[in-house]
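Here is the structure we will look at.
Derivation of every value follows stated rules applied to the coordinates shown; laboratory data play no part. Source: prediction; values computed, not measured. Cβ coordinates were reconstructed from backbone atoms using ideal geometry, including for glycine residues, and neighbour counts include every protein chain displayed.
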């Protein structure tokens with residue numbers, strides 16, 4: 001599987017927005033985007049008119065990078081959302097939010113989605129008591145996500161028990177730091193997605 005190995009901060013600069021790909025570092029004044037909020041490259045400061053297609057493409061790239069998915073997988077989410085009832089763009093974002101790596105991140109098990117994906121693929125979590133190591137696994141209402149019993153004594157998870165409850169945690173998930181267990185108490189809605197995304201532009205791009 002293809003993997004982006006360059007600096008993640010370059011991605012934020014390219015999209016002209018903070019994508020919060022580096023966890024706690026993104027909230028500090030030392031964040032490269034804060035110091036140099038321009039696109040990377042020698043022609044970054046050149047003024048150029050961006051076409052409608054270019055704006056739509058950039059919006060798609062931004063969402064792909066936020067959730068850490070590749071083109072083929074992202075297209076699959078769009079096509080699945082298009083077959084669902086309701087608004088296609090919102091359906092797509094909800095499907096992305098229901099990915100297991102995103103849920104682990106939202107519950108506060110990890111500082112970034114990339115870290116959450118690594119924890120999931122290394123078999124650190126169970127869903128309803130069964131080990132799941134697929135980052136794209138779709139959680140459902142009532143699912144219980146917990147740290148694998150064999151991994152609870154790991155220093156990383158032991159430290160999580162000492163953390164205070166994350167005030168920014170979305171209302172559709174719960175997390176108990178003492179038992180290292182989270183639960184999906186509702187399915188996410190468009191209002192629960194705090195990222196600055198114009199999903200209609202992505203729908204228009206794929207509809208061409």
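Fewest Cβ neighbours within 10 Å first, please rank 207, 123, 112 accordingly.
Values: 207 10, 123 13, 112 20.
Lowest to highest Cβ neighbour count: 207, 123, 112.
Tell me, in nm to one decimal, what length is gained between residue 155 and residue 130 on full extension, where the rule is 0.36 nm per residue of separation less the Cα-Cα distance?
Values: separation 25, 0.36 × 25 = 9.00 nm, distance 2.24 nm.
Here the segment from residue 155 to residue 130 would lengthen by 6.8 nm.
Using the beta-carbon distance between residue 85 and residue 176 and R0 = 41 Å, what value does 1/(1 + (r/R0)^6) give for FRET efficiency, to the nearest 0.05? Intermediate results must be reported in sequence, preceding the final value.
Details: r = 34 Å, r/R0 = 0.82.
Plugging the Cβ-Cβ distance into 1/(1 + (r/R0)^6) gives 0.75.
Zone of residue 169 (label point 7 Å along Cα→Cβ, backbone N under 15 Å): which residues in the stretch 100-133?
Of the residues in the stretch 100-133, 103-111 have backbone N under 15 Å from the label point off residue 169.
Between rounded, prolate and oblate, where does the stretch 130-208 land on the alpha carbon gyration tensor, with a ≥ b ≥ c its root eigenvalues, rounded for a/c under 1.5, else prolate if a/b exceeds b/c? Write out the running numbers ahead of the final one.
On the way: a/c = 2.48, a/b = 1.94, b/c = 1.28.
Cα axes put the stretch 130-208 in the prolate bin.
How much length would be gained if the chain were fully extended between residue 111 and residue 58, taking 0.36 nm per residue of separation minus their Cα-Cα distance, in nm to one decimal? Please list the in-between numbers first.
Numbers: separation 53, 0.36 × 53 = 19.08 nm, distance 2.50 nm.
Difference between extended and current length: 16.6 nm.
Along the Cα→Cβ direction, 7 angstrom out, place labels at residue 144 and residue 186. What is the inter-label distance in nm?
Simple spin-label model gives 2.2 nm for this pair.
Hey, fewest Cβ within 10 Å first, where do 63, 185 land in order? Before the final figure, lay out the partial values.
Numbers: 63 23, 185 12.
Ordered from fewest to most neighbouring Cβ atoms within 10 Å, 63, 185 come out as 185, 63.
Using Cβ contacts closer than 10 Å as the measure, can you line up 156, 78 from fewest to most?
Numbers: 156 13, 78 20.
Ranking 156, 78 by Cβ neighbours within 10 Å, fewest first, gives 156, 78.
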